[in-house]
Amino acid sequence: MPFSDRILMGPGPCNPYPEVIAAFTRPLLGHLDPEFVALLDETNERLRAVFRTANQLTFPVSATGSAGMEAAFVNVVRPGDAVVIGVNGVFGGRMCDVAARAGAIVHRVDVEWGKAIDPQQLLDAHPAPRIIAVVHAETSTGVRNDIVELGANKGDALLLVDCVTSLGGIPLEIDAWGIDLAYSGTQKCLGVPPGLAPLTVSARAIDRIVETPQSWYLDLNMIKKYVTGEGARAYHHTAPISMIYALHAGLGVLLDEGLEQSWARHAECGALLQEGLQNLGFELFAQPGHRLPELTTVVVPTDLPAGLDEAAVRRRLLERYGIEVGGGLGAYAGKVWRIGCMGHTARPRNVTLLLGALAEILQR
Ligand SMILES: *Cc1c(COP(=O)(O)O)cnc(C)c1O
């Protein structure tokens, strides 16, 4: 089969930066080679810069974003712990599942999909939870949830935040906002293929890591020794070397551009896309004021041209224009499209191409 060169405008993966693809061709080093260890240290230093944290325990978990979620929960949840979780989309729901499997008593705060969660509702959900958890950028709905008030008022609780679709794309301040555990994914706004889950853990959260987490693979007590070099660089599992080359390169591109400049580029592309869609007569799904620039949800119009349904429109985008966009999830399957503008994909040229393609397909 020939290689197809798509414009990836779905909810992730995005197109990787060219420097990232080039990094995969670096000759392989062993995971205990001093040169590789130095590259991993530099990668973690770059992650600290992008997360805006001084947390010593900051590194990429060896699997996709969901493993970051699992690592964040299983290392601090003890059976019977009260955990408050905000749910206004698929990923908040996934957090509840993961926390419950780790033995938490989940206090779930459900908010209508497409709307943001009021932080006060989370703070009021339990008098003394062990963890308050929320998704910063809900990729299933295109909504941004506010974090600052949670950090300021968390009390004794740990604040755990899903930053999979926010890291690199919109302002995020781990230390200034008082976030204790945060994880991300490489394939969203970092411009790297899927395969790693950047994780950062505050000193306060490290103090509360349980003795024997239910997952051996994600046990931070053991992984910490390799990552931080505490004691020796002890073997736990083989680091996915080439993925770390790729992340190192992607973070290099991001920091060379400047984190604020990357946020501004995502903001510009999101605004161009959202204005352009409205000018074509589309209705946006997410609550105004809480719309993510990097992930736009648009209501599928009811007046599609004869013979075209929503899936056929996406198929035509893919086959004729080489553009991938996402469909809706859960109750919104078939009802919304999810259009990502993340990482290397977040360029005005891609927005213009998509708007032109949609106008041609839908004869608008
Ligand atoms: C993509 C995503 C995840 C899961 O990441 P995977 O890489 O698919 O495992 C978790 N949370 C949010 C908000 C996401 O967008």
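Here, each number is a calculation from the coordinates, and none is a lab measurement. The structure displayed is predicted, hence computed values, not measured ones. Every residue, glycine as well, gets a Cβ built from its backbone with ideal geometry; the counts of neighbours run over all protein chains shown.
Could we say that Ile85 is in contact (Cβ under 8 Å) with a residue 24 or more places away in the chain and within 14 Å of the ligand (Cβ to nearest atom) here? In short, yes. Tell me which residues, restricted to region 61-73, are more than 12 Å from the ligand (Cβ to nearest atom) and crowded, with 22+ Cβ neighbours inside 10 Å. Passing the criteria: only Phe73.
Beta carbons closer than 6 Å, at least 6 apart along the sequence or on distinct chains, pair a first residue in region 192-217 that is within 12 Å of Leu57 (Cα to Cα) with a second that is of a type in the set (D, E, K, R) and surrounded by 23 or more Cβ atoms within 10 Å (Cβ to Cβ) for Ser202/Asp180; Arg204/Asp180; Ala205/Asp180. Here Met69 meets the list (1) in contact with a Lys or Arg (Cβ under 7 Å, 6 or more places away or on another chain); (2) in a strand (DSSP E or B) almost entirely, failing just condition (2). Of all residues in region 282-304, count the ones that are farther than 18 Å from Gly340 by Cβ and touching a Lys or Arg at 6+ places or on another chain (Cβ under 6 Å). Counting residues in region 282-304 that are farther than 18 Å from Gly340 by Cβ and touching a Lys or Arg at 6+ places or on another chain (Cβ under 6 Å) gives 1. The helices (runs of 4 or more DSSP H) located wholly in region 181-277 that include 1 or more residues which are closer than 30 Å to Asp156 by Cα occupy 203-206, 220-228.
Within region 165-204, take every residue that is surrounded by fewer than 24 Cβ atoms within 10 Å (Cβ to Cβ) and among the small types (Gly, Ala, Ser) and give me the one that is nearest to the ligand (Cβ to nearest atom). Looking at the filtered set, the residue picked out is Gly195. Annotation: of all residues in region 138-158 being in contact with a helix residue (DSSP H, G or I) (Cβ under 9 Å, 6 or more places away or on another chain) and within 16 Å of the ligand (Cβ to nearest atom), the one that is nearest to Pro13 (Cα to Cα) is Thr139. When each of Gly80, Gly30, Gly114, Gly93 is tested for being among the small types (Gly, Ala, Ser), more than 16 Å from the ligand (Cβ to nearest atom), over 22 Å from Met243 (Cβ atoms) and not in a strand (DSSP E or B), the lone residue that passes is Gly80. In region 305-344, the residue that is surrounded by the most Cβ atoms within 10 Å (Cβ to Cβ) out of those that are of a type in the set (Asp, Glu) and part of a helix (DSSP H, G or I) is Glu310.
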